[in-house]
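Q: My questions will all concern the structure given below.
Every read-out reported here was derived from the displayed coordinates using simple, explicitly stated rules and does not represent laboratory data. Remember, it's a predicted structure, so these values are computed and weren't measured experimentally. Methodologically, a virtual Cβ is constructed for each residue, glycine included, from the backbone with ideal geometry; neighbour enumeration extends over all protein chains shown.
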Amino acid sequence: MDLQYTQEQARFRQEIRSWLEANVPTEPLPSFDTEEGFAAHRQWEARLAEQGYSAVTWPKELGGLGADLFQWLIFEEEYWRVGAPLRVNQNGIFLLAPTLMEYGSAEQKARWLPRMATSEDTWAQGWSEPGAGSDMAAIRSTAVRDGDDYVINGQKIWSTRAVYADWLFGLFRSEPGSSRHHGLSFVLMPLDLPGITVRPIRQLNGLPGFAEIFFDDVRVPAANLLGGEGEGWRIAMATAGFERGLMLRSPARFQKTAADLMALYHANRARCDQDPAIRDAVMKSWMDAEAYTLATYRTASRLAKGAKIGAEASTNKIFWSELDVLMHETAMSILGARAELMPQAPEAAGVAQWLDGFLFSLAGPIYAGTNEIQRNIIAERMLGLPRA
Amino acid sequence: MDLQYTQEQARFRQEIRSWLEANVPTEPLPSFDTEEGFAAHRQWEARLAEQGYSAVTWPKELGGLGADLFQWLIFEEEYWRVGAPLRVNQNGIFLLAPTLMEYGSAEQKARWLPRMATSEDTWAQGWSEPGAGSDMAAIRSTAVRDGDDYVINGQKIWSTRAVYADWLFGLFRSEPGSSRHHGLSFVLMPLDLPGITVRPIRQLNGLPGFAEIFFDDVRVPAANLLGGEGEGWRIAMATAGFERGLMLRSPARFQKTAADLMALYHANRARCDQDPAIRDAVMKSWMDAEAYTLATYRTASRLAKGAKIGAEASTNKIFWSELDVLMHETAMSILGARAELMPQAPEAAGVAQWLDGFLFSLAGPIYAGTNEIQRNIIAERMLGLPRA
Amino acid sequence: MDFTFSDQQVQFRDAVRRFLVVEAAPELLREYWETESGRSEEMRRKVTSQGLTSLSIPEEFGGMGLGDLDWVLLLQEVGYHGIPDSLSDAAYLGVGLLAGLPDGNAYKARWLERMVEGRARLAISHPLNPLVHDAGIADLILLWHEDEIHAATPEQVELCLNASIDQSRRLYKLAWTPSEDTLVCGREQGQALWAEAVNRAGVSIAAQLLGLAQRMLDLGIDYSAQRKQFGKPVGSFQAVKHHLADVAVKIEFATPVVHRAAYALEHGDHRLDAFVSHARLAAAEAALLAARKSIQVHGAMGYTWEADLQMFMKRAWALESFWGDRIFHKGRVAEAVFAPGAQLGPAQTF
Amino acid sequence: MDFTFSDQQVQFRDAVRRFLVVEAAPELLREYWETESGRSEEMRRKVTSQGLTSLSIPEEFGGMGLGDLDWVLLLQEVGYHGIPDSLSDAAYLGVGLLAGLPDGNAYKARWLERMVEGRARLAISHPLNPLVHDAGIADLILLWHEDEIHAATPEQVELCLNASIDQSRRLYKLAWTPSEDTLVCGREQGQALWAEAVNRAGVSIAAQLLGLAQRMLDLGIDYSAQRKQFGKPVGSFQAVKHHLADVAVKIEFATPVVHRAAYALEHGDHRLDAFVSHARLAAAEAALLAARKSIQVHGAMGYTWEADLQMFMKRAWALESFWGDRIFHKGRVAEAVFAPGAQLGPAQTF
């Protein structure tokens, strides 16, 4: 065990820090769930890409830095430390890309990854369907082979970023009459194809953060299949693994929130201590953010030694999502009467991010597999308890 | 709505208070899970009975005071206020008696209730069996009619007080081949009958607080059946209702614990405030004990107007058991290194009751139907959610 | 000793419920949200014709002279149906302040009568609320100043609108200068009236939070009973059942605490502050848990604007800090229970 | 940067585990509980022959010279198997104190060598512990006095036994008078050694609590997998699954916190106090939750003396307040994180 950074890692951190401090937008960008915000974030991603910073873990030839997981963690720490913008293309870079790297052909990688790194192509995911949420294997949308194309029909829902994104990846039933996780294929397609209708869905904050997507005889070339026909489930599970696993929520994000919460506490110290639960929650927030960070470095170390991510993915999901709710609920109670104010309200100046963060934190225990599903997975796969 | 006591109620309280203050043992009695402790508690019950205080809600002719529910609540408040002994015969007086009053014949009441009031007869319950815990309908012990007797065979378990008690009441399968809640009968019998073996079970604290009971061709006269043959389930459910309901845990008990916890907090104030969670828990304890009291007065008012106890029984069980755990866990953390000390340890002087209370509080969410079962009941019967 | 409501109180509550079920359906509330004032003239006429605006106005002024115990049941319905704060602020709090003024006070009769006729919107400014609800659309703003009561019209003050996550709320930052012309009532009487107003607001909000908790629970039950996953209704999974059962337990035990606070307010009790704040905390705990659990059993649908749940969650979040946030109310309970010699044990409740 | 243990460390841990599985079965622990000393000479011989008593004794004194990172894995096993505190107190904490003494100190060589030979039981008295574990059966008691280190034999002090709910513990109230004869080491050196001992005890207990949490979880899994209700294994009910999954999550995230504390202790870190106390809090939270959930899934059986669970619950409850209770450790973390200018954000962990 060696819990010190190498000189090289320290140098890497220094590089990232100086560039970010010089280049991070001084004003926070508008939400990427608005049209102008999406454009602004896309520009920012392009700026990052010039440095290979948009996808540091990718090989250089694909637009990355060939960074290892520790460098990735360092990058994330610096990124959150300066409060840089949220990553508008994370569906692509953090969820799809690892899968593409593992299952994509050389042509497919060359075709999609570089444009993803620069966010010339931004990506949305198409997992859920009205009848298939937590129960993903209930997917009914079809992709039927017809000559060199697949013809897509059906409907997807809860597709984040889909309102403004360029491309979609998702699971479709390619074997007619197949059931559950058999006969599914992993398909990639541009969202401007004829026959595709995107219906925005307004979120709690009123913005169209996700969308419903309707497919009406959409023709997609067979070359857009990732892996072989019928291999979709296995590939998607890998993606879901990444999603619940290391990449989706880097610890730095929660360390930043915990530190901001501490600052909020100090700024309101006298009031806060009328409710002793606040001080306790602020301290717990630091401890849990720290624990999540340590656990992630441990996982990274194991992966570096060739291990695979197992049920940690599920324990991670539960831990960070509940921590995120705790921290934002605590901030809400510190803010009191100011907590309800929308970002545009004059009196919300300086604290507007907390309400947005609170609303978003409520999605944590729900998306990417509800925490109830995660607990089932832990109980059955990790603890070996009998299925119902 | 009128939240004031009548003059009569105030007078009643005064009577009880003066008698208790004059008569409550100055030294706490030894645990009734020891032989001498059981005897001492039995004596105390006899003292109470002389005043009609052992069963205040019973009619005078049966040894009570004919008190209504409000007077019962007042009695309990005064009883806990002075820290009077635990009720060794509560299985009889609070669980069996209400059922006897409702379903027993005149002869049966006259035979059992007066001796119960004086604790000449102390009672144990025989619900659970090794294969029938939360799932009481899985009972297999049999009571087969043979002439004027029933012949009892089988085994009961988790029978509290059974080690020293005189009598047992419980459910037995009187219809051979019947299943689930059909064909069960409610039987009462002395524990010294030939063929009965009582095996004490040691609890966490090392004392034999409950027992396993084996029945080997035990002959019980048919006159000991409560209600008709096969009516056992309906009658037992009523008892279970009482058990989870008003009688088992009077609010005064938790108000006393909350007040003692407050005193413990004040006595250790400086240390306590190093852990802000303690002050918050102490305050919550008062609020919840108060809420439980108010809810009980509301229930009593409804019953006084002819309503019946419904699913409140289940919400009560969850609320008081979790409150009891919270209060004792909080006391444990205030006591720190002294918390582990057994009552006989010199250094435990003055705080010994907290460890015992803590251990007992852990049984709260388990016995009389686990809190998981209670939540199922609430969800299905009160909220109307579909059964699995 | 009787901890139940009279048949008359229950019947009146039921009548108001029937009225609101029809007149305050979620679709309508959504419409009001989108309007600039956030209010509907038509709704207001109906509410007035139902007499809801004159419930606590003394009979000599043409009102029904109802008390806090009558109100508390109605306010649970007001919460359940997500009625904007204007009704309770004006008809319950505002009227309470006006009715408390000494007879002959210039404002008393005039504004009470206007309220009866439904021709008065009242807003109230108090230091517990950094922003003033409805100040921009009120006919009269009652203003706190060093425990004096002042009054002004929107034209006489400087207003700046602040948007709330609860779009039924119209919050204004307010600047004004107290003067002889604005003075309604001096400190001596004002002090008691304002103290009572804070506790009345506490009862009002606690009762509404109870109603909101029940509404969010009901929405969670309905959704989880019809929504299917893995071939079964979501509501048949034990985890979902227990989420919702926990909410039911919280509501069950918060309710009598709120009713006790209303009783203490109507009859006066030296522990009133602590009782009201306890009610606020218990009801808020139930409502916030209901929001957390209901959105969880709703899944992604609960995170949308389409699902009605969002309107009730947002009301609960906003109300929790209205007229005193959790910190304030915990502080008031702490003052009472941690006081040396505080009477807390058995036999101390009533 | 590498947050894993060496193969050697893991293999040694596995060897110790194999040893304890055989030699420290619950039936045996129950027997020791009933004996007067609470200890077994035979067990002690075996432990010594395994070299467990001389693990951290410097090689020049015939020990293995292991460090805190080697120990932390072993201590999780010690906790998992409910080994009485004597082993860790003497072989880890006591030896740590003795080994820290300046060379040539009269006590150092003598007692370290006796430890190697398994001829020494050590007890330690420190103000964080109002009672002294093993004081009555120790060969030497190391005593704190104003940060000086003193030593005495049981005969030289006044002892009064206090029974613990954890019957493996032998706690004594102790009275003695410091003198030149009892002095081992002065304040200058003593201060640092005692400070280190407190943190070493913290790592020891945190690691044992982790092991205990895992043991209680395993017992809960085993029981709920075989115990049937309503015709199904209890463990197939979602509520039971989620109880146990919650415990697994707590253990998962407490573990690296404990390992980081051991690392900080071995390598020195100016935030050591906070790291160790954080480890204590995280491990205790996992262990206490494991006790609550495991007894709950055990049902009535969990409330009995017969079920092994009770032994591990009681150890967890006792250990949580040994060498500093939750109040003490929360206080130490608070000191660090609430300090003005404390470095808490991203990039501050290592």
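Q: Based on alpha-carbon centroids, what's the gap between the stretch D:332-350 and the stretch B:336-388 in Å, whole number please?
A: Using only Cα atoms, the two centres lie 37 Å from each other.
Q: At a Förster radius of 60 Å, what calculated FRET efficiency corresponds to the Cβ-Cβ distance of B:Glu61 and B:Ala388, to the nearest 0.05? Don't skip to the end; give the middle numbers.
A: Values: r = 49 Å, r/R0 = 0.81.
Taking R0 as 60 Å, the efficiency between B:Glu61 and B:Ala388 is 0.80.
Q: Over chain D, what relative contact order in percent results from Cα pairs under 8 Å that are six or more residues apart?
A: Numbers: 542 pairs, mean separation 54.7, N = 350.
Relative contact order of chain D: 16 percent.
Q: Scale the Cα Rg of the stretch B:237-380 by the rule-of-thumb value 2.2 N^0.38 Å and send over the ratio, two decimals. Intermediate results must be reported in sequence, preceding the final value.
A: Details: Rg = 16.7 Å, N = 144, 2.2 N^0.38 = 14.5 Å.
Rounded to two decimals, the normalised Rg is 1.15.
Q: Report the far tail of the P(r) of the protein assembly as shown, meaning the percent of Cα-Cα pairs longer than 50 Å.
A: On the way: 431721 of 1088550 pairs.
Percentage above 50 Å: 40.
Q: Shielding by partners for C:225-234, please: the mean number of other protein chain Cβ atoms within 10 Å of each residue's Cβ. Let's see the in-between values first.
A: On the way: counts 4, 1, 1, 4, 8, 6, 2, 3, 3, 6.
Across the residues of C:225-234, the mean count of other-chain Cβ atoms within 10 Å is 4.
Q: Specify which residue in the list A:Gln43, A:Ser134, A:Phe319 is farthest towards the positive end of the charge dipole of chain A, using unit charges on the beta carbon of Lys, Arg (+1) and Asp, Glu (-1), about the Cα centre.
A: A:Phe319
Q: Calculate the tail of P(r) for the stretch C:253-350: the fraction of all Cα-Cα distances greater than 20 Å, expressed in %. Numbers along the way, then the final one.
A: Working: 2240 of 4753 pairs.
Of all Cα-Cα pairs in the stretch C:253-350, 47 percent lie more than 20 Å apart.
Q: Also, I was wondering about something else. Per q in 0.14, 0.15, 0.19, 0.22 1/Å, what log10 I(q)/I(0) does a Debye calculation on the alpha-carbon atoms of the stretch C:78-192 return?
A: Each listed q maps to, in turn, -0.55, -0.63, -1.02, -1.33.
Q: Can I ask one more? Place a label point 7 angstrom from the Cα of A:Arg381 along the Cα-to-Cβ direction, then list the residues of the stretch A:94-124 whose backbone nitrogen is under 18 Å away.
A: Once the point is set 7 Å along Cα→Cβ of A:Arg381, A:95-96, A:98-99 turn out to lie under 18 Å by backbone N, inside the stretch A:94-124.
Q: Highest GNM mean-square fluctuation, chain C, Cα pairs closer than 10 Å: which of C:Ser49, C:Ser179, C:Ser37?
A: In this elastic network of chain C, the residue with the biggest mean-square fluctuation among C:Ser49, C:Ser179, C:Ser37 is C:Ser179.
Q: Averaged over B:363-375, how many beta carbons belonging to a partner chain fall within 10 Å of each residue's beta carbon?
A: On the way: counts 4, 0, 3, 9, 3, 0, 0, 8, 5, 13, 3, 3, 10.
For peptide B:363-375, the averaged partner shielding equals 5.
Q: Now, a different point. Any idea what % of Cα-Cα pairs in chain B are farther than 34 Å?
A: Values: 22376 of 75078 pairs.
In whole percent, the share of Cα-Cα pairs in chain B beyond 34 Å is 30.
Q: Return P(r) of the stretch A:91-144 (all Cα-Cα pairs; 10 Å bins starting at 0; whole %; ordered from short to long distances).
A: Percent of pairs per bin, in order: 22, 39, 33, 7.
Q: In what sequence do C:Leu69, C:Leu74 fall when counting other Cβ within 10 Å, fewest first?
A: The order, fewest Cβ neighbours first, is C:Leu69, C:Leu74.
Q: So for D:Val22, B:Val220, B:Val144, fewest C-beta neighbours within 10 Å to most, what's the order?
A: D:Val22, B:Val144, B:Val220
Q: Still on this structure: Check which residues have an amide H placed less than 5 Å from A:Leu385's amide H, if you skip close sequence neighbours.
A: A:Glu380
Q: Convex hull over the alpha-carbon atoms of chain D: what's its volume per residue in Å³?
A: Numbers: hull volume 51.6 nm³, N = 350.
For chain D, the hull spanned by Cα atoms encloses 147 Å³ per residue.
Q: Taking the Cα centre of chain B as the origin, how large is its charge dipole in debye, to the nearest 20, when only Lys and Arg (+1) and Asp and Glu (-1) carry charge on their Cβ atoms?
A: Rounded to the nearest 20 debye, it is 780 debye.
Q: Does the stretch C:1-133 come out rounded, prolate or oblate by the C-alpha gyration tensor, with a ≥ b ≥ c the root eigenvalues, rounded set by a/c under 1.5 and, if not, prolate when a/b is larger than b/c and oblate if not?
A: Oblate.
Q: Mind checking which of C:Ile137, C:Val249, C:Gly324 is farthest towards the positive end of chain C's charge dipole, using Cβ charges of +1 (Lys, Arg) and -1 (Asp, Glu) about the Cα centre?
A: Most positive-ward Cα: C:Val249.
Q: Further, regarding this structure: Work out, in µm²/s and without decimals, the Stokes-Einstein translational diffusion coefficient of the stretch D:188-330 at 37 °C, 0.692 mPa s, Rh from Kirkwood over C-alpha pairs.
A: Values: Rh = 15.9 Å.
In µm²/s, the coefficient is 207.
Q: So what J values fall out for the stretch C:303-309 if you push phi through Karplus, 6.51 cos²θ - 1.76 cosθ + 1.60 with θ = phi - 60°, rounded to Hz, Gly and Pro as x?
A: These are the phi-based 3J(HN,Hα) values: 8, 9, 6, 4, 5, 4, 3 Hz.
Q: Still on this model: When averaged across all projection directions, what area in nm² does the alpha-carbon convex hull of the stretch A:41-86 cover?
A: Numbers: hull surface 12.0 nm².
Over every viewing direction, the Cα hull of the stretch A:41-86 projects on average to 3.0 nm².
Q: Give a residue-ordered list of calculated ³J(HN,Hα) values for the stretch B:26-41 (Karplus: 6.51 cos²θ - 1.76 cosθ + 1.60, θ = phi - 60°; whole Hz; x for Gly, Pro).
A: 6, 8, x, 6, x, 3, 6, 8, 10, 4, 5, x, 4, 4, 4, 5
Q: How large is the charge dipole for the stretch C:255-305, taken about the Cα centre, if only the Cβ atoms of Lys, Arg (+1) and Asp, Glu (-1) carry charge, to the nearest 20 debye?
A: On the way: 5 positive and 4 negative charges, 44 e Å.
That gives the stretch C:255-305 a dipole magnitude of about 220 debye.
Q: While we're on this one: Using only the Cα atoms of the stretch A:323-388, what do you get for the radius of gyration and for Dmax, in Å?
A: 17.1, 55
Q: To continue, here is another question. Inter-copy label distances at D:Glu113, 7 Å along the Cα→beta-carbon direction, one decimal in nm, shortest first?
A: The projected label point of D:Glu113 is separated from its counterparts by 10.9 nm.
Q: Scattering from the C-alpha atoms of the stretch A:1-144 alone, worked out with Debye: what is log10 I(q)/I(0) at q = 0.11, 0.12, 0.14 1/Å?
A: So the normalised log intensities are -0.50, -0.59, -0.76.
Q: Would you mind telling me which residue in B:Gln203, B:Gln374, B:Gln274 has the biggest mean-square fluctuation in a Gaussian network model of chain B, where springs connect alpha carbons within a distance under 10 angstrom?
A: B:Gln274
Q: Against the empirical 2.2 N^0.38 Å scaling, what ratio does the C-alpha Rg of the stretch D:296-350 come to?
A: Numbers: Rg = 18.6 Å, N = 55, 2.2 N^0.38 = 10.1 Å.
It is 1.84.
Q: What's the magnitude of the charge dipole for the stretch B:165-277 around its Cα centre, counting Lys and Arg as +1 and Asp and Glu as -1 at the beta-carbon? Answer in Debye, nearest 20. Don't skip to the end; give the middle numbers.
A: Values: 12 positive and 12 negative charges, 90 e Å.
Result for the stretch B:165-277 is approximately 440 debye, rounded to the nearest 20.
Q: Then there's this: Got a sec? Charge dipole of the stretch A:76-187, +1 on Cβ for Lys and Arg, -1 for Asp and Glu; which of A:Trp112, A:Ala162, A:Ser179 is way out at the positive end?
A: Selected residue: A:Ser179.
Q: Now for a different question. For the stretch A:9-90, state the average projected area of the convex hull of the C-alpha atoms over all orientations, rounded to one decimal in nm². If you can, show how the numbers build up before the last one.
A: Values: hull surface 20.4 nm².
That works out to 5.1 nm².
Q: A further question on this structure: What is the fewest-to-most order of D:Lys330, B:Lys308 by other Cβ atoms lying within 10 Å of their Cβ?
A: Working: D:Lys330 25, B:Lys308 9.
Starting with the residue having the fewest Cβ neighbours, the order is B:Lys308, D:Lys330.
Q: Could you work out which residue, out of D:Ser277, D:Ser321, D:Ser88, moves most in a Gaussian network model of chain D, that is, has the largest mean-square fluctuation with Cα springs under 10 Å?
A: Sorting by GNM fluctuation, first place goes to D:Ser321.
Q: Still on this structure, please answer the following. Could you derive backbone 3J(HN,Hα) for the stretch B:368-385 from the dihedral phi with the Karplus parameters 6.51, -1.76 and 1.60 (θ = phi - 60°), listing whole Hz in sequence and x where the residue is Gly or Pro?
A: Listing the rounded values in order: 6, x, 4, 5, 5, 4, 4, 5, 4, 4, 4, 5, 8, 8, 8, 9, x, 6 Hz.
Q: If you take each beta carbon of peptide C:262-270 and count the beta carbons of other chains within 10 angstrom, what is the mean? The partial results should precede the final answer.
A: Working: counts 1, 4, 1, 0, 1, 4, 0, 1, 0.
That average works out to 1.
Q: For the stretch B:165-266, compute Rh as the Kirkwood radius over C-alpha pairs and then the Stokes-Einstein diffusion coefficient at 10 °C and 1.306 mPa s; write the answer in µm²/s, rounded to an integer. Write out the running numbers ahead of the final one.
A: On the way: Rh = 16.7 Å.
For the chosen part, D equals 95 µm²/s.
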